[in-house]
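Below: the structure, in structure tokens.
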Amino acid sequence: MRIEYSPRGIFLSEIGLWLDAQEPQEACWISHAHSDHARSPHGTVFATPATLSLYRTRLGLDEAGFRPLDYHECAEFHGARLTACPASHILGAAQLLVEHRGERLVYTGDIKLRPPLCGCATETVACDHLIIESTFGLPIFHFLETEQARRRIAGFARECLDEQTTPVFLGSTLGRGQEMVHALSEAGIPVSVHGAIVHYLPLYEAAGYPVQWEPYDAESTKGTAVVVTPGLRDQLEASARNLRFAYVSGWAALANARLGARAEHLIPYSDHGDFQELISMVQSSGARRVDVVHGYAEAFARILRQTGCDARAAGVRAPEDE
Ligand SMILES: [Zn+2]
């Protein structure tokens, strides 16, 4: 299948379908609702129902042109069959299987193998041609198992609250922020949440991930865990309260992460796969050809070639700020 890569996104020219286009297009598949994948309105948008809800909430769109594809559901489009398959990344994230003229192409979008704290676990999809991301495609990246991460998040919060300090978790606006609120809620830990993260909590609740929270108030954080976006860090520190910061991220796996993140407690948990997960996904797909996009694409493609895989880097955009 002919695939065109450019800073505008990935284009399947034979069927006229863009994948995670950066600019408005006639027809586009959106793998998930992060802003570097779902950033424009399009004429026709294929995505999972959860992704469409998050995308609509973020961009304030109406539903005209939405073509929801639930997991394992198929749609015919310009002679191809499109199927959405789960991708553990954020709520609603999906891989796209495109079957066209006897060839099977899979575009992973952002993905990991380990199950997410909220959402469906990745399923391996056999294919001939795989397009896979490599945000953490170097052997130095190794992340916690999901349940380990859950225990570490709750354990750090309890330890801080027991000693009358305030645990602060720095989380992304969409994805890890809501996951941490859910994990803390499930552990029975009171949690204050910044409005940018609160914005999407109703959609997580509607998807079956209960949360109990109160609005974040810089003047009143005593006795609760705090989940805020990294931009709030300086404001929190200026309040001179008794705070302890946890950094929950794939980048927390790096040796210098404590210094870079200015956080004492590092929890290497990500909504992306670590190196071994990416290798496993490539191997289990059975793909004869692999295109690597994002992050350490050149290095990861080189490593794959050393294992005999027909792999190449196909740069599309700058590494995302995970
Ligand atoms: Zn993403």
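Would you please put 58-71, 198-211 in order of how densely packed they are, using the mean number of other Cβ atoms within 10 angstrom per residue and starting with the highest? All intermediate terms of the calculation are to be shown ahead of the outcome.
On the way: 58-71: 13.8, 198-211: 16.6.
The densest-packed peptide leads the list: 198-211, 58-71.
Kirkwood analysis of the Cα pair distances in the chain returns a hydrodynamic radius of 20.2 Å.
How much length, in nm to one decimal, is gained on full extension between Gln212 and Leu254, taken as 0.36 nm per residue of separation minus their Cα-Cα distance?
Working: separation 42, 0.36 × 42 = 15.12 nm, distance 3.20 nm.
So the chain would gain 11.9 nm between Gln212 and Leu254.
Rounded to the nearest 20 debye, the dipole magnitude of segment 146-267 is 320 debye, with +1 charges on Lys and Arg beta carbons, -1 on Asp and Glu beta carbons, and the Cα centre as origin. Across q = 0.09 Å⁻¹, segment 205-322 modelled as identical point scatterers on its alpha-carbon atoms has Debye log10 I(q)/I(0) values of -0.42, in the order of the q list.
What does the charge count near Val98 come to, summing +1 for each Lys or Arg and -1 for each Asp or Glu among other residues with Cβ under 15 Å from its Cβ? Spell out each step's value before the answer.
Working: positive: Arg2, Arg67, Arg81, Arg101, Arg104, Arg289; negative: Glu4, Glu14, Asp20, Glu73, Glu76, Glu99, Glu103, Asp128, Asp291.
In short, -3.
Run the helix sum for the chain: -39,500 (n - 2.57) per DSSP H stretch of 4+ residues, divided by residue count, reported at 222 nm to the nearest 500 deg cm²/dmol.
Numbers: 9 runs with 81 residues, N = 322.
Mean residue ellipticity at 222 nm (helix-derived): -7000 deg cm²/dmol.
Largest first, the three principal axis extents of the alpha carbons in segment 146-267 are 38, 32, 26 Å in whole numbers.
Mean separation of Cα pairs under 8 Å and 6 or more residues apart, divided by the residue count, gives the chain a relative contact order of 17 percent. The slack in the chain from Ala121 to Arg67, taken as 0.36 nm per residue of separation less the alpha-carbon distance, amounts to 17.2 nm. Along the axis of the charge dipole computed for segment 146-267 (Cβ charges of +1 for Lys and Arg, -1 for Asp and Glu, origin at the Cα centre), the listed residues Gly208, Ala252, Val181 are led at the positive end by Ala252.
R0 = 41 Å: FRET efficiency of Gln306 with His78, Cβ-based, nearest 0.05? List each step's numbers first, then the result.
Details: r = 37 Å, r/R0 = 0.91.
After rounding, the FRET efficiency stands at 0.65.
Roughly speaking, what is the stretch gain from Glu145 to Arg101, that is 0.36 nm per residue apart minus the C-alpha to C-alpha distance, in nm to one decimal? Once the chain is fully extended between Glu145 and Arg101, it gains 12.0 nm. For the chain, the share of DSSP beta bridges that are antiparallel, to the nearest 5, is 35%. The loop-placed trypsin sites (Lys or Arg not before Pro) in segment 236-279, going by DSSP, that have at most 15 neighbouring Cβ atoms within 10 Å of their Cβ come out as Arg262.
Dipole check for the chain: with +1 at the C-beta of Lys and Arg, -1 at the C-beta of Asp and Glu, and the Cα centre as origin, the magnitude is about 520 Debye. Relative contact order of segment 146-267, taken over Cα pairs closer than 8 Å and 6 or more residues apart, is 31 percent.
Could you give the distance between the Cα centres of segment 1-47 and segment 150-194, to the whole Å? Going from one Cα centre to the other spans 35 Å.
No lab work stands behind these numbers, since they all come straight from the coordinates. Remember, it's a predicted structure, so these values are computed and weren't measured experimentally. Every residue, glycine among them, receives a Cβ derived from its backbone with ideal geometry; neighbour counts consider all protein chains shown.
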